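The values are calculated or read from the model by the stated rules, or taken from the named source; none is laboratory data. Note that this is a predicted model, so its numbers are computed, not measured. No Cβ is skipped: glycine too gets one built from the backbone with ideal geometry, and neighbour counts run over all protein chains shown.
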Ligand code: G6P
């Protein structure tokens, strides 16, 4: 978490840094800060959002001119969100400033050592230990700042993406990464460079980027970019072309990124399946699957790992792989799996699902599975991120940048690709007929059109949202493959509207949650016509009998549930295993409208961050 952006070059740094921070705010928004070198090294920082920092600088008429600067937007780990704990942090001498994304795990011992040598700590952050240590090594070893940074990093345990500014070196930026992402933008003008947590602050200035690898440093000095490892091995910068456009990361006329992204789903699903369905040969074309064909024939079990919404996609994946590929599946929270000493065999296949590709727990769980000899696939949205790089093979979701903190289009893209993977594996293992394969592939190809149709129910969902916006609790029920959809609906509502919501398998309701039901309790039931349809009608009757209010997501033309529910939202009929791709959308819209009606900041819900790079 935390977003970092830095600039050096002929332009004014401040506007570039502020604009960049706004693009990175999805990574955290507890505090914001900037350091610029002009006559001296000036650091301005404040609790709150980037907008608060801008206002403060404007009101206090601060000097923000300068061509070199670093900036940070924080998601607090060590130390509460306040002005003092905000980055950048400076060394005691005031010569150096640092921004950091990650966690320094041995900061306590480093701090004790530095304090015993007379260093005074102002903040409660782990980051401050880094800047004092750099200062200390610089003085004691009599080395240049870049070398002091390198030596410091050899003493550090933990994860970091850092950028350091030295007051006495107006032509130098020093950066390094391990475990947290960092991209270098090579500007079009001579001597112009950008550094950022992702490419979004860079894309409008240049398409040429270098993705730093773990343990690498980038030293920009006298208009040159030097890459070396923290073990002092030189590297040749590998410049890649960005495939990102500005309109992909702007709101494009929508009030929020979240609603833009909900509406993008016909395209994001289309892009995720595009080129992968071969109806002529009735097959799936996925490099990872083809390359691992022999392995997949003999795989005994699939373990899907992920966090948050990606874990929910994994739960849908379980139904898909069991149903289509006839493979036993475990679905694991990455954060639990990594600390459990799980039983993993070399003939297990692990799929790590992640939008960002940077989630710390998912990365650690993958490493563990790899150590235990499993084959590890990544299913990620962010190209070049850490998870795909750590995987043996994998697939991208191609949903495009997802900026709203609450995941929407990434979820449906993940499910779409999991369907393809399950079909491909089923075919390799010879457990699916050509007719069934043909039917499912054709139906999946048709899903983007059906999603477009579902989106037309927006106004109807808005009316339901108006009715229930003041609820304090909400229950989401589903069965079979739509149980994870209920979990996802509850997660969406609680994370952006702060209404307490719970997702439950509908039949389990009678073992507890039914006690919560009274005439004020909205219960959202995901009930398309499937093999548990009649069963879920019984569950609806149980809620009705206790005066609960029912909002039902049903298949087009449904009659029975219409008679029972207070509100019904119809979604087109499709194959049962594809139904989550449609039934999820009304739940995303419901959460969105309720949150907006309650005056919540849907794109930046409190305490959350989009990319969770700490455990
Ligand atoms: C955070 C985000 C969620 C996301 C989860 C996992 O909690 O707010 O939207 O589902 O992390 O992230 P990943 O990038 O691995 O999918």
Legend entry - Pair list, Cβ < 9 Å and 6+ apart or interchain, from the range 343-360 residues that are within 15 Å of residue 609 (Cβ to Cβ) and at pLDDT 95 or above to residues that are more than 7 Å from the ligand (Cβ to nearest atom) and in a loop (DSSP other than H, G, I, E, B): 354/381; 354/382; 354/385; 355/381; 355/382; 355/397; 355/399; 355/402
Inset, instruction - Please work out if residue 424 is buried (at least 23 other Cβ atoms within 10 Å of the Cβ) and either within 11 Å of the ligand (Cβ to nearest atom) or more than 28 Å from residue 494 (Cα to Cα) (or both). - result: yes
Inset, instruction - For the range 21-30, indicate whether the set of residues that are over 16 Å from residue 197 (Cβ atoms) and surrounded by 18 or more Cβ atoms within 10 Å (Cβ to Cβ) is non-empty. - result: no
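So, in the range 1-34, how many residues would count as being part of a strand (DSSP E or B) and touching a helix residue (DSSP H, G or I) at 6+ places or on another chain (Cβ under 9 Å)? Full working, then the answer.
First pass over the range 1-34, keeping only residues part of a strand (DSSP E or B): 3-8, 31-34.
After this cut, where a residue has to be touching a helix residue (DSSP H, G or I) at 6+ places or on another chain (Cβ under 9 Å) as well, the list is 3-7, 31-34.
Adding up the residues that qualify gives 9.
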Inset, instruction - Please name all residue pairs, on different chains or six or more residues apart, with Cβ atoms under 7 Å, provided the first residue is in the range 395-410 and is within 15 Å of residue 254 (Cα to Cα) and at pLDDT below 95 and the second residue is assigned to a loop (DSSP other than H, G, I, E, B) and within 8 Å of the ligand (Cβ to nearest atom). - result: 402/355; 402/381
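Would you mind stating whether residue 273 is away from the ligand (no atom under 16 Å from the Cβ) and either closer than 19 Å to residue 411 by Cβ or surrounded by fewer than 19 Cβ atoms within 10 Å (Cβ to Cβ) (or both)? Give the derivation first.
Working: away from the ligand (no atom under 16 Å from the Cβ): yes; either closer than 19 Å to residue 411 by Cβ or surrounded by fewer than 19 Cβ atoms within 10 Å (Cβ to Cβ) (or both): yes.
Against the criterion (away from the ligand (no atom under 16 Å from the Cβ) and either closer than 19 Å to residue 411 by Cβ or surrounded by fewer than 19 Cβ atoms within 10 Å (Cβ to Cβ) (or both)), residue 273 qualifies.
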Legend entry - Neighbours by Cβ (under 6 Å, 6+ apart or cross-chain): first from the range 602-615, at pLDDT below 80; second in a loop (DSSP other than H, G, I, E, B) and within 6 Å of the ligand (Cβ to nearest atom): 610/405; 611/356; 612/359
Legend entry - Qualifying helices (runs of 4 or more DSSP H) (wholly inside the range 289-343; at least 3 residues being over 20 Å from residue 579 (Cβ atoms) and within 16 Å of the ligand (Cβ to nearest atom)): 334-337
Inset, instruction - Output the residues belonging to the range 283-299 that are in contact with a strand residue (DSSP E or B) (Cβ under 7 Å, 6 or more places away or on another chain) and more than 17 Å from residue 432 (Cα to Cα). - result: 286, 288, 291, 292, 295
Legend entry - Matching entry among 525, 451, 485 (being touching a residue at least 24 places away in the same chain (Cβ under 8 Å), surrounded by 23 or more Cβ atoms within 10 Å (Cβ to Cβ) and not in a helix (DSSP H, G or I)): 525
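Just checking, how many residues over the range 381-421 are in a helix (DSSP H, G or I) and either out of contact with any helix residue (DSSP H, G or I) (no Cβ under 7 Å at 6 or more places or on another chain) or within 14 Å of the ligand (Cβ to nearest atom) (or both)?
Step one: list which residues in the range 381-421 are in a helix (DSSP H, G or I), which gives 386-390, 409-421.
Then keep just the ones that are either out of contact with any helix residue (DSSP H, G or I) (no Cβ under 7 Å at 6 or more places or on another chain) or within 14 Å of the ligand (Cβ to nearest atom) (or both); that gives 386-390, 409-415, 417-418.
Residues that pass the stated criteria total 14.
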Inset, instruction - Would you point out the residue of the range 276-288, among those that are under 23 Å from residue 382 (Cα atoms) and exposed (fewer than 15 other Cβ atoms within 10 Å of the Cβ), that is farthest from the ligand (Cβ to nearest atom)? - result: 285
Inset, instruction - Taking only the range 157-199 into account, find how many residues are crowded, with 24+ Cβ neighbours inside 10 Å and in a loop (DSSP other than H, G, I, E, B). - result: 6
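Looking at the structure I just gave you, is residue 539 buried (at least 22 other Cβ atoms within 10 Å of the Cβ), more than 19 Å from residue 472 (Cα to Cα) and over 29 Å from the mean Cα position of the chain (by Cα)? Write out each step before concluding.
On the way: buried (at least 22 other Cβ atoms within 10 Å of the Cβ): yes; more than 19 Å from residue 472 (Cα to Cα): yes; over 29 Å from the mean Cα position of the chain (by Cα): yes.
Yes, satisfied.
What are the residues in the range 48-94 that are assigned to a helix (DSSP H, G or I) and within 24 Å of the chain's Cα centre (by Cα), if any? Step through it out loud before you land on a result.
Narrowing the range 48-94 to residues assigned to a helix (DSSP H, G or I): 50-59.
Selection gives 50, 51.
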Inset, instruction - Scan the range 344-377 residue by residue and report those that are under 21 Å from residue 422 (Cα atoms) and away from the ligand (no atom under 16 Å from the Cβ). - result: 344, 345, 346, 347, 348, 349, 374, 375
